[in-house]
Each structure stands twice: as structure tokens, then as C-alpha cells.
1. Exactly one condition in (1) surrounded by fewer than 23 Cβ atoms within 10 Å (Cβ to Cβ); (2) modelled with pLDDT under 85 is not met by B:Gly298; state its number.
2. Can you pull out every residue in the stretch B:278-297 that is more than 29 Å from the chain's Cα centre (by Cα) and among the small types (Gly, Ala, Ser)?
3. Mind telling me which of the residues B:Leu328, B:Leu310 ends up being surrounded by 14 or more Cβ atoms within 10 Å (Cβ to Cβ) and closer than 23 Å to B:Ala91 by Cα?
4. Out of the residues in the stretch A:1-22 meeting the condition of being under 10 Å from A:His39 (Cα atoms) and among the β-branched types (Val, Ile, Thr), tell me which one is surrounded by the most Cβ atoms within 10 Å (Cβ to Cβ).
5. Within the group B:Ile121, B:Ile188, B:Ile125, which residue is within 12 Å of another protein chain (Cβ to nearest Cβ) and assigned to a helix (DSSP H, G or I)?
6. State whether one or more residues within the stretch A:102-121 are outside any helix (DSSP H, G or I), modelled with pLDDT of 85 or more and within 30 Å of A:Val45 (Cα to Cα).
7. Only one residue in B:Ser151, B:Ser112, B:Ser133 is farther than 30 Å from B:Gly342 by Cα and either under 17 Å from the mean Cα position of the chain (by Cα) or not in a strand (DSSP E or B) (or both). Which one?
8. What is the residue count in the stretch B:49-84 for residues that are surrounded by 13 or more Cβ atoms within 10 Å (Cβ to Cβ) and within 14 Å of chain A (Cβ to nearest Cβ)?
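The values are calculated or read from the model by the stated rules, or taken from the named source; none is laboratory data. What you are looking at is a predicted structure, and each value in this text was computed from that prediction instead of being measured. Please note: Cβ atoms are built from the backbone with ideal geometry, for glycine as well, and neighbour counts cover all protein chains shown.
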Amino acid sequence: MDQLFFGYFAGVIAITALLVVALRNPVYSALSLLVMFFHVAGLYVTLHAEFLAAVQIIVYAGAILVLYLFVVMLLNLHRDDRYHSQWRTVAFVCVPLFIEFMVLIGGSIAAAPQSVAPVETGSGENTLAIGEVLFSTYLFPFEVASLILLVAMIGAIILAKRDVGDARSEG
Amino acid sequence: MTELGLRLAVSLAQIAAVMGIVMLTVMILTLAERKVLGWMQDRMGPMEVGPYGILQPIADGLKLFFKEDIVPAGANKFLFTMAPILAMVPAMIGFAVIPFGPDLTIDVFGISVKPFVISDINIGILYILAFASIGAYGIILGGWASNSKYSLLGGLRSAAQVISYELNVGLAIVGVLIMAGSLSLVKITEAQAGGFWHWYVFAFPAPQIFAFVVYVISAVAETNRVPFDLPEAESELVAGFFTEYSGMRFAFFFIAEYANMVLVSCVAAAMFLGGWNAPYPGTILAQLGLEGFAWIEGVAWFTVKVYGFLFLFFWLRATLPRLRYDQLMKFGWKVMLPIALGNIVVTAIAMYIYNQFK
């Protein structure tokens, strides 16, 4: 049963991720990204990480992708063929990725199949577990990440903010 | 396999019951809104269909059902069809985790069933927030797919508004979560038992009164109701994102808006006002020796609280003029957000000190 669900989620994730770059209409691309986010959340649920699943949907599907759509509609990019004839770039990226993939496949066949120990979820309270780990073991990386996000936020404000004089001179 | 089948049957029955109740509430609301507005504006409201106009919702439903289904030329047909569904499904799906009554467990043919909540998942409130944020897609895509500038502008306004105020809804709830120590709506409600002074609006040591105000205002904004109905401002945008919609598709958007109102009212009642708990300790029916019927009182109190909220929605609509767009954004980011953040800090400190001395 687990295998079946994993297969379904993984398959849909792979297909929709491809569609995001393959579809020509940017709105459809954004929508297939939405479907992908949902299936990633589904994967989290099968791993008993319900908190991560909910946060995945709230943050990525609920906020970030809405802003993407917002921009796509504002610019009215109905059909843009510029980005669909870059075969050289695609080849440049894909060949190393393909080699890497082959190496990984070869490595996993060579390596002995090892059973992954099931992670202790602490009787369903995975939110508590995540909180405790985040504020003890991973406190430093957590603080660094929040600092980076804060810097990004301030940077965005500075970029967007114009002095009153500038705005007036530009009309 | 039979157990699985039985569980499935029980869950489907519960879902059907809750859907039925929600749709019935939506029907009542469409009439109640017009009646309450009429009463506040000193007129009668709908009086034609049935005695005192009480069959008006059925007439409206039949009318919308038989209207011609128009897809505007140049509209994106696929998304034009998807948008109302994307608006409606998130509005209905959130009810799965709302506790409508006491947390009883009854045995049905050997499997235990909780009759008043479809699914008590441990991230209940996050689940509701997640699907509420998906509701914005229906509005944005509906606005875009219509190929009309009024619709597009309405959709874009709505996107900006929903994102801004969703944040405030999420942050207003955090205070309650700190006090309850759980994300499950069933547990949050149970923690508020024993009188109205245990409800999280008034509860010691950190009354969530500011969070409650922020939540109510943001909830009104998130459901696109007056005075925050800029996405569908008649005088500026005809009807906003659903300008081009007619017939059943329009009805879907309409039902979604009302179902969202019911949902945010249910969440407000469960998180801040004690859910199905009566404002006095215990229940009167239990005092009278009718222990088995105490759940009736719980459900009644929940209904009273939810309908009180819905009345507040109508009251606001009859009272307040619409905000300007820049006022809306300024109010959301510069007033509501700092209050919600401040509330989290104060609540966290108060709870820490309280736990030290307990």
C-alpha cells in the first residue's frame, strides 16, 4: 500500500515538474507547479510529517505561487517562445545531470541494499518533535537561515523603495 | 476489508451530513442577509416567495440552475470551468476538522466513531489555513480566464488582499496555539471547558482579546466581505472577478463565499470562544440528570456562537463603507501585523512566567 502511494506521488511529481518547464502557457506552468506542491505534501503525509505537509502547502502553494501567478498575469505573458528554443543551454545542463544520474544508478546497484531505520515520530506529535529539534540541535542553522531571510527582506525593501525626489522627477 | 468498508461508509455518512448542514446554512444565510439588511435599513427584504419570503433561497437556487451558461469569447475555457471548482472545494473541505460538539466516541458495529468531528487530525488548524490559502486560486484564475479587464483587476486585487490578510489570520491564531499547546481543534476546544473565563479571549494569563479582534477583521477581509470587498466592488469593477460568470458557475462562487464565512465563523468560535463549551461550567442538561443528552447543549452553544459571528458579518455590511485600496493595504501591514506580532511576544512571555510559577 505504501509503495503504491509512493509510486503515485513520485510519478505525478516527476510528470508535473517536467510540465512546468515544458508547457508554453505560463499560467499552466504555474498550475502544474501547484499540483506538484500538493503531491510533495502528500509524500510528507505518507512519511508521517503532517506538519511539514501543511507548511509546504501554506508557504509554497498558498503564498509564493500566488505571487508568481500575480506577476504572470500582471505582465500578461500569454505566450512566450523565447525560453523554448534554448536547446544549447538545455544540453549543457542535461548532459552532466544525465552522467550524474548514471553514476548514482551504478552506485546504488553496487552498494548493498540497506534498510532505512524508521524515524521515531513521537506518538503522532511531530510538530512538537520538529520544534524541539529546531530549537536545540539545529538552533544555529535555524538562526542563520532566519538572518539570511531577514537580509533578503531588507534588500527587497531597499530595491523597491525610491526616494521621494526620484519618484517626482520620473513623473 | 469489511472494517475498512465500514469505516469508509461511516466517514461518507459524516461528510454527507456536514455538507448538508453547511449547504443548508448557506441557504439560510442568503435569506438572512437580505432580511437583516432590510431590517437595518428599515424595509421588509424579500417578501414575495412563500410566507414572509422564506422560500426565497430555493427560488434563487432554481433560477441560477436554469440560467443560460455563458462562456465569454476569448475566455480560457478550461480555467474558466476550473476556477469555480477551485473556489468551492477549499471552502467545503475545511469543515472536516471542525468539532461541532463534545468529543464523544460511540461504537458502530465494533468500530469507534467520533460523531461530531469528521477527522481529528493533529494539525487541524494548519489544515484549514492550508486550504483557505488555496481558495485564492479560484478567484485569481477566474479573473484571468474570463478575458475581461474588470475580472482581471478584481482577481489581482483579491490576490494581494488575501495574501496580506491570510498572514494576519495565521499570526492571530498563534497566541491561542501557544496557550493550548496543540494544533488540533478538538484539543484546543477541550482546553477551554469550564466557563467563559476559560475561553481564550478572556483566559488567564494572556487574554487573546487583541488577537481575537485581529482575527475577526482579517477574516472579514479574507472572505472579501464589506468593508473589504474591493475584489468585487460594484462601483469600480462591475462585479470583480466573477463579472463574466453566470448560472451555476456564478452560484459556485457565491456558495464558496458564504461557505467561507461559515468556516471562519466556526474557527473563531472553536479557537477563541470555547467552541461547543457553554459559558458556565458543565451543562444544564447534565445537572438535570440527562447526562446522555448533554451533547445537545454543546451543539446548540456552538450553533449560537457561529450564527452570532455570521450576524456580525451582516451588521458590518449594513454599517461600514468600503475602504480604499491603499487604506486596506496600509491597515493590513502597518496596523494589524504589528498587533498580531506583539500579541505573540506578550503571550509567549506571559505563558513562560505562568508556567514557572505554576
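1. (1)
2. B:Ala286, B:Gly289, B:Gly292
3. Residue meeting the stated conditions: B:Leu310.
4. Step by step, filter the stretch A:1-22, then rank; the result is A:Thr16.
5. Every option except B:Ile125 fails the conditions.
6. no
7. Testing whether each residue is farther than 30 Å from B:Gly342 by Cα and either under 17 Å from the mean Cα position of the chain (by Cα) or not in a strand (DSSP E or B) (or both) leaves just B:Ser151.
8. 7
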